[in-house]
Amino acid sequence: MKKFKFPLEKLRGLRQVRLEMVQAQMMALLAERSALEQRQLMLDRQELNARDELRVKRELGFEELSAMEGFRRWAELERERMRRSALQLNERVEDQRKALLEARRDVEALNRLRDRKLTGWRQEVDQEMESTVAELVIARWRREGGAA
């Protein structure tokens, strides 16, 4: 009996490697998005802490008010920059999600084809084995019948 060999095994392997690469890229994008969300939360906390400090003080000097206003403007610009980054990142995540689905479909299609071919091969092997057993039974029967 010949060993099962899937003619598209190299292509299946390449598609599997591509799928793993696309998955790794998706994980990197998700980690980047998580880091951005953490930076946004930290900025919110810093701004809240600065406001709380101002509320506690009874008298505020020009320098403190000016510093707070500068921080507020910077935080606003930073928040807008992060918002734009988040939008771009979400687009990249969506594109990567589509690429991931396509890569999975490609691998799954070849896996299904391989499974069908393997099933056919097994049926052929089973038929070959049944045929061989039948021939052996007939040969033995003839031999035993011929000797009697």
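The values are calculated or read from the model by the stated rules, or taken from the named source; none is laboratory data. A quick note: this is a predicted structure, and the numbers were derived from the prediction, not measured. Virtual Cβ from ideal backbone geometry, glycine too; neighbours counted across all protein chains shown.
Name the residue, out of K5, K57, K10, that is surrounded by fewer than 11 Cβ atoms within 10 Å (Cβ to Cβ), at pLDDT below 90 and not aromatic (F, W, Y).
K57
Considering only residues of the stretch 90-108 that are aliphatic (A, V, I, L, M) and either at pLDDT below 95 or surrounded by 12 or more Cβ atoms within 10 Å (Cβ to Cβ) (or both), which is farthest from M21 (Cα to Cα)?
This residue is V93.
Are any residues in the stretch 61-89 surrounded by fewer than 12 Cβ atoms within 10 Å (Cβ to Cβ), of a type in the set (A, V, I, L, M) and more than 28 Å from M27 (Cβ to Cβ), and if so, which ones?
Scanning the stretch 61-89 gives L65, L77.
Just to check your reading of the model, which residue among R18, R112 is closer than 30 Å to S131 by Cβ and either touching a Gly at 6+ places or on another chain (Cβ under 6 Å) or in a helix (DSSP H, G or I) (or both)? Break it down into steps so the answer makes sense when it comes.
Details: R18 fails: closer than 30 Å to S131 by Cβ.
One residue alone meets the criteria, R112.
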